[in-house]
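> Attaching a single structure in structure tokens format; questions to follow.
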Amino acid sequence: MAHAYLHNVRFDETDLAGIVHFSHYAKWVESAEHSLLKHIGIPIISAQGGFPKVNFTINYKKPVRFDDQITIELSVTEVGTSSVHYAFEITRDNESLASGKLATVYVTREGIPQTIPPQWKEAFLTSFY
């Protein structure tokens with residue numbers, strides 16, 4: 001099951017040809033991840049730490065343009081001791097525009113990997129696995 005995040009492409013996300021600059025795709029996927037975390041009750045960042053990105057890969061298929069209504073579908077594919085792995089697909093009207101993978105690691109404020117709390121792991125596994 002995937003978590004869907006909707007986005008309307010803004011003018012400032014495009015180049016002079018009206019095509020989205022590649023750097024915005026990672027921002028959209030991160031926004032989808034934040035939406036998912038809020039949905040399942042996990043803080044994006046807390047006094048105990050957060051989930052920085054450690055790997056991001058993407059395959060671009062078709063251009064995204066100004067004012068497109070897109071959906072970023074994010075699925076949890078694996079939950080480890082301290083890591084969460086996702087797959088994502090960006091679509092417009094059910095047409096695949098890009099897809100890829102994202103990996104995060106739960107770390108302390110000092111950046112040291114730590115174990116994902118059991119209740120959070122359960123939330124990941126039962127909501128979107």
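> Pairing the Cα long axis of helix 23-39 with the longest principal axis of the chain, what angle in degrees results, from 0 to 90 and rounded to the nearest 10?
Its long axis makes an angle of about 50 degrees.
> Something else about it: Using alpha carbons only, how many degrees (0 to 90, rounded to 10) separate the axis of helix 118-128 from the longest principal axis of the chain?
The answer is roughly 30 degrees.
> Now, a different point. Can you tell me the length gained on complete extension of the stretch Gln48 to Ser31, counting 0.36 nm per residue apart and subtracting the Cα distance? Don't jump to the answer; show the numbers that get you there.
Values: separation 17, 0.36 × 17 = 6.12 nm, distance 2.10 nm.
Net length gain for the segment: 4.0 nm.
> Over the chain, what is the relative contact order in percent, taking alpha-carbon pairs closer than 8 angstrom and at least six residues apart?
Numbers: 249 pairs, mean separation 38.1, N = 129.
Here the relative contact order equals 29 percent.
> Pull up the cross-link candidates among the lysines for Lys62, meaning alpha carbon to alpha carbon under 19 Å and not fewer than 8 places away within one chain.
Lys27, Lys101
> Separate question: Out of all Cα-Cα pairs in the chain, roughly what percent, to the nearest whole number, are more than 26 Å apart?
Across the chain, Cα pairs with separations above 26 Å total 24 percent.
> Before rounding to the nearest 500, sum -39500 (n - 2.57) across all DSSP H runs of length at least 4 in the chain and divide by the residue total; then give [θ] at 222 nm in deg cm²/dmol. Provide the component values of the computation, followed by the final result.
Details: 2 runs with 28 residues, N = 129.
Calculated mean residue ellipticity at 222 nm is -7000 deg cm²/dmol.
> Would you mind calculating the gained length between Asp12 and Ser82 on full extension (0.36 nm times residue separation, minus the Cα-Cα distance), in nm to one decimal? Each step should come with its number before you reach the end.
Working: separation 70, 0.36 × 70 = 25.20 nm, distance 3.57 nm.
Separation in residues times 0.36 nm, less the Cα-Cα distance, equals 21.6 nm.
> Taking amide hydrogens as modeled 1.01 Å from N in the peptide plane, which residues meet the under 5 Å criterion relative to Gly50, leaving out close sequence neighbours?
Sorted by chain and number, the residues that satisfy this are Val107.
> Calculate the length of the line joining the C-alpha centroid of the range 87-117 to that of the range 21-42, in whole Å.
Centre-to-centre distance over Cα atoms comes out at 8 Å.
> Assign one of three labels to the range 90-129, namely rounded, prolate or oblate, based on the Cα gyration tensor with a ≥ b ≥ c the square roots of its eigenvalues; rounded applies when a/c is under 1.5, prolate when it is not and a/b is larger than b/c, and oblate otherwise. Provide the component values of the computation, followed by the final result.
Numbers: a/c = 4.69, a/b = 1.85, b/c = 2.54.
The shape class here is oblate.
> Arrange the peptides 51-57, 83-89, 12-18 so that the one whose residues have, on average, the most other Cβ atoms within 10 Å appears first.
Values: 51-57: 13.9, 83-89: 19.4, 12-18: 12.0.
Packing order, densest peptide first, comes out as 83-89, 51-57, 12-18.
A short reminder: the numbers here are calculations on the coordinates, not readings from a lab. These numbers come from a predicted model, not from an experiment. Using ideal geometry, Cβ is built from the backbone for each residue, glycine included, and neighbour counts are taken over all protein chains shown.
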